[in-house]
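A short write-up of the structure that comes next.
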Amino acid sequence: MIRRPKVKWVAPIVLTGALLAGGSAAIAADTFNNSDEEKAFDFPTTGKRPSKEDMEARRTAMQEQLAAKVASGAITQAEADDIRAKMSERKAKLTSF
């Protein structure tokens, strides 16, 4: 009986690994380099809580972004109201601690 060489399995395994790695890298690059979307807020990394003025500025910016998305038709007014309600619920949970 003739034994099949194990080398036949090397090429498909290497190719599969390369495709998975390349696909993952492409997805990660697209996620981090999407310049079409608005920039996220830059939260401080020092572990300190943001000041009230900073939080108010962020809240105002979020409200403006929601209004702009409603005006452009990206989301409906009902969706914007739902986002505002969820943010209020989250704030209530955080302040209850």
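All of the numbers you see were taken from the coordinates with simple rules; none came from a lab. Model, not experiment: these values are computed from the prediction. Backbone-built Cβ (ideal geometry, glycine too); neighbour counts: all protein chains shown.
Below, the figures for the structure above:
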item	result
Projected label distance in nm at Lys86 and Val70, using a 7 Å step from Cα toward the beta-carbon	1.6
Cβ charges +1 (Lys, Arg) and -1 (Asp, Glu), total dipole of region 52-95, debye	180
In Hz, Karplus ³J(HN,Hα) per residue of region 63-69 (6.51, -1.76, 1.60; θ = phi - 60°; x = Gly, Pro)	4, 5, 5, 4, 4, 5, 5
At 1.567 mPa s and 4 °C, Stokes D of region 52-95 from Kirkwood alpha-carbon radius, µm² per second	117
